[in-house]
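*Asks:* Have a look at this one.
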Amino acid sequence: MKFQQIRSATSIVTFANRRFLIDPMLSAQGTYPAVPDTTSTGRGNPDCDLPCPIQDLFNVDAVIVTHLHFDHFDKAAAELLPKKLPLFSQSVQEAKILSGLGFTDVRVLADSGTDFNGIRLFRTDCDHGSSNLVTMDGYRDCGFSEKASGVVFESNLEKTRFYLAGDTIYCQYVVDAIEKYTPGVVAVNAAGAQFPLGHLLIMNQYDVRSLMRRFPEIDVIATHVEGVSHATVTRPLLRKFARENNLNRLFIPNDGQTIEF
């Protein structure tokens, strides 16, 4: 398998010879304002530009939208993605929204598995601030849902499963998914994004360390690092932390970089 970091949570996963565009945020830097009531990089959202022309991202077999927050599926994605591309959604409700935007092949990821061209995709649970009542209040104020999902990829053509953990802190959901599916490679969203200030929405460096200490045999990719205004973890910070804590199986790709396993 291959993992190409694009920007923030956007990536391209090549698995069993099929290419999946993950969580496309395609807008230019600064299109959206900073997330309120929390830390800010001062560059708006996204806080950097794409590392490649947008059209380069459309040479894929399918798109996976783990949830409908702006940094995982934005207005530019809704307008620019080819409408015939298969789109996988986390729920019937979000699939209806995507279909309403003109996409003609929207499919729902199932906990029991969804088949696609010799690959089986399993939806997994996330804690995207959902256990924190302050965060949930803030989501309601902004009109967002706290619901997010991860995905496990499985195929006889690959030597191991791949687990895209999605927008989640390190929690029992993540432990359960790893113990159930025993992936060899896990991608974690690790920007340490907060909303409101002080309340984690996704993993930070300490979450990553705890996961890797519990599962030392797994290769871990840190994605969704930088790229959004409310990130608290940078690549230099995470690389320094990895060296100091002997996290030798942690990969932290730059935007545009591809890692092969």
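*Asks:* For the pair Leu85 and Arg214, how long in nm is the line joining their label points, each one 7 Å along Cα→Cβ?
*Replies:* 3.3
*Asks:* Please list, ordered by chain and number, the residues whose modelled amide H lies under 5 Å from the amide H of Phe251; skip anything fewer than 5 residues away on the same chain.
*Replies:* Val220, Ile221, Ala222
*Asks:* If I model a spin label as a point 7 Å beyond the Cα along the Cα-Cβ vector, how far apart are those points for Asp56 and Asp115 in nm?
*Replies:* 3.6
*Asks:* So if I place +1 on the C-beta of Lys and Arg and -1 on the C-beta of Asp and Glu, and nothing else carries charge, what would the dipole magnitude of the stretch 112-261 be about its Cα centre? I want it in debye, nearest 20.
*Replies:* In total the dipole reaches around 380 debye.
*Asks:* Go through the stretch 169-179 residue by residue and turn each phi into a ³J(HN,Hα) via Karplus (6.51, -1.76, 1.60, θ = phi - 60°); whole Hz please, and just put x for glycine and proline.
*Replies:* Per residue, the Karplus-derived 3J(HN,Hα) values read 6, 6, 8, 4, 4, 5, 4, 4, 5, 5, 5 Hz.
*Asks:* Relative contact order of the stretch 1-86: what whole-number percent is it, with Cα pairs under 8 angstrom and at least 6 residues apart?
*Replies:* Computed value for the stretch 1-86: 31 percent relative contact order.
*Asks:* Using amide H atoms built 1.01 Å from N in the peptide plane, name the residues 5+ places from Tyr32, or on other chains, whose amide H lies under 5 Å from its own.
*Replies:* It is Asn45, by chain and number.
*Asks:* Let me ask something else about it. Taking the Kirkwood radius as the inverse of the mean 1/r across Cα pairs, report the Rg/Rh of the stretch 24-81.
*Replies:* That ratio equals 0.99.
*Asks:* Further, regarding this structure: Which of the peptides 206-218, 148-160 is most tightly packed, and how do the rest follow, judged by the mean count of other Cβ atoms within 10 Å per residue?
*Replies:* Descending packing order for the listed peptides: 148-160, 206-218.
*Asks:* Give the cross-link partners of Lys75 among the lysines, using a straight C-alpha distance below 19 Å as the criterion and excluding same-chain residues fewer than 8 apart.
*Replies:* Result set, ordered by chain and number: Lys83, Lys84, Lys96.
Every number in this text was worked out from the coordinates using simple rules, so none of it is lab data. No experiment lies behind these values; they were computed from the predicted model shown. FYI the Cβ positions are ideal-geometry reconstructions off the backbone, even for glycines, and counts take in every protein chain you see.
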